[in-house]
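Visitor: Could you have a look at this structure, given as structure tokens, before my questions?
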Amino acid sequence: MNSKCQRVELNDGHFIPVLGLGTAIPIKFPKSMIKELTKVAIDAGFRHFDCASIYKTEEYVGESIRTKIADGTVRREDIFYTSKVWCNCLRPELVRSSLEQSLKKVQLDYVDLYLIHFPMALKAGEDEIPVDEHGKLIFDIVDLCATWEAMEKCKDAGLTKSIGVSNFNRRQLEMILNKPGLKYKPVCNQVECHPYLNQMKLLDFCKSNDIVLVAYGVLGTQRYTGWVDQNTPALLDEPVLHRLAKKYNQTPALIALRYQLQRGIVTLNSTLKENRVKENIQVFEFQLSSEDMKVLNGLNRNLRYMTAPLFEDHPNFPFSDEY
């Protein structure tokens, strides 16, 4: 792993860069921050950008990508761009229009990867977080297999190169894999994954089905109000990460990133600091020993930062299963 542009092959023959930049911005910060971060990331060597309609950052990320294409830094085919269909658009008749709206915002002809963001449908309509008079989310009941068929049609139409899922548990993945008439398997499952939640069983299941695991929250996840347990310990305060950082002359964040890459996991990192973007690309410049990988495996405590408490009553809530 000495190449900044290292990629792994997906089950449909396309390739995904193993390191990506997450583009969600916490609510207290201006979304436009991601514009300069994206430019810095491209200049540093990042080619993989993970976005979603719910992030409200697609227009800024797209503007930066197009700027870097225009000035000759990259070509469109060098960039791997991911977007996701949000929970209020999981009815099959809404999936394509949701993708087309994302394409309009980012001003690209296609996305490289389109994901079902969560397996939990919300009431269809303009409101992305529909709530009743008591402040409770208004759920919808949607056949996810029908949603998947709509995703397959988006791939066939050339609007996306690849299709996958996010935040699915094993049972929900199996439902798609066992769907009668399945045309395309999910190429990936994007889930929270870090040393405190190493997802070993889900990783093994995905590998056995030629599905790539894509990890978000690899540094412990920023504190997104309403989504994240505010009382969880900070991963980057973990003494083992600090000890290994000293041993390898790296940062605790780089140890956490490197851990995932050596497990064969595509790794997304999110930061609001330009110097961290430049620093994190250095993850390719060292390798952890097998003994230290075992030590990091031993940190697992099944601790999930992104608990999505608003959704916990949803019949398709994915985080109640073991994996």
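Visitor: Find, among the trypsin sites (Lys or Arg not before Pro) in the range 241-275, those assigned to loop by DSSP (not H, G, I, E, B) with at most 14 other beta-carbon atoms within 10 angstrom. Present the calculation step by step, with values, prior to reporting the outcome.
Guide: Details: sites: 243, 246, 247, 258, 263, 273; in loops: 263, 273.
For trypsin sites (Lys or Arg not before Pro) across the range 241-275 that sit outside H, G, I, E and B with at most 14 neighbouring Cβ atoms in 10 Å, the list reads 273.
Visitor: Okay, next question. On a full-extension model of 0.36 nm per residue, what is the gain between residue 133 and residue 232, subtracting their alpha-carbon distance, rounded to one decimal in nm?
Guide: This chain segment gains 32.6 nm when fully extended.
Visitor: Each label point is 7 Å from the Cα along the Cα-to-Cβ direction; what then is the distance between the points at residue 71 and residue 302, in nm?
Guide: Modelled inter-label distance: 4.9 nm.
Visitor: What number, in nm² with one decimal, is the all-direction average of the projected area of the convex hull of the alpha-carbon atoms of the range 157-298? Please report the intermediate quantities before stating the final value.
Guide: On the way: hull surface 43.0 nm².
One quarter of the hull surface, i.e. the mean projection, equals 10.7 nm².
Visitor: So I have [x] 63; [y] 45; [z] 49, and one of them is percent of Cα pairs over 26 Å apart calculated from this model. Which one is it?
Guide: Recomputing percent of Cα pairs over 26 Å apart here picks out [y].
Visitor: Applying the Karplus parametrisation 6.51 cos²θ - 1.76 cosθ + 1.60 with θ = phi - 60° to the phi angles of the range 279-285, what ³J(HN,Hα) value in whole Hz is obtained for each residue in order, glycine and proline being reported as x?
Guide: Values per residue, Gly and Pro as x: 5, 5, 5, 6, 4, 7, 9 Hz.
Visitor: Please give the charge dipole size of the chain, origin at the Cα centre, charges +1 on K and R Cβ atoms and -1 on D and E Cβ atoms. Round to the nearest 20 debye.
Guide: 820 debye
Visitor: Now a separate question. If you take the beta carbon distance between residue 274 and residue 313 as r and set R0 to 30 Å, what does 1/(1 + (r/R0)^6) give as a FRET efficiency, to the nearest 0.05?
Guide: According to the calculation, E is roughly 0.15.
Visitor: Rank the residues 118, 49, 317 as a footprinting-exposure proxy: fewest other Cβ atoms within 10 Å of their Cβ go first.
Guide: By the 10 Å Cβ count, ascending: 317, 118, 49.
Visitor: Karplus couplings for the range 258-266 from phi (6.51 cos²θ - 1.76 cosθ + 1.60, θ = phi - 60°), rounded to Hz, Gly and Pro as x?
Guide: 4, 3, 5, 4, 6, 8, x, 9, 6
Visitor: Same structure again: Can you give me the relative contact order of the range 7-315 as a percent, contacts being Cα pairs under 8 Å and 6 or more apart?
Guide: 19 percent
Visitor: At 0.36 nm per residue, minus the direct Cα-Cα distance, what do residue 6 and residue 294 gain on full extension? Give it in nm, one decimal, please. Walk me through the intermediate numbers first.
Guide: Numbers: separation 288, 0.36 × 288 = 103.68 nm, distance 2.38 nm.
Length gained, residue 6 through residue 294: 101.3 nm.
Visitor: Here is a further query. Out of the range 272-323, which GluC sites (Glu not before Pro) are coil in DSSP terms and have no more than 13 other C-beta atoms within 10 Å?
Guide: Here the sparse-neighbourhood loop sites are 312, 322.
Visitor: Whole-Hz Karplus ³J(HN,Hα) for the range 124-133, in order, using 6.51 cos²θ - 1.76 cosθ + 1.60 and θ = phi - 60°, x for Gly and Pro?
Guide: With the stated coefficients, the range 124-133 comes to 5, x, 6, 6, 6, 10, x, 10, 8, 5 Hz.
Visitor: Which one, 144, 198, 295, is farthest towards the positive end of the dipole of the chain when Lys and Arg carry +1 and Asp and Glu -1 on their Cβ?
Guide: Going by the charge dipole, the pick is 295.
Visitor: Using Cα springs under 10 Å in a Gaussian network model of the chain, which residue among 100, 133, 152 shows the largest mean-square fluctuation?
Guide: 133
All of the numbers you see were taken from the coordinates with simple rules; none came from a lab. Worth saying up front: this structure is predicted, and the values here are computed from it rather than measured. Note: ideal-geometry Cβ built from the backbone for every residue, glycine included; neighbour counts use all protein chains shown.
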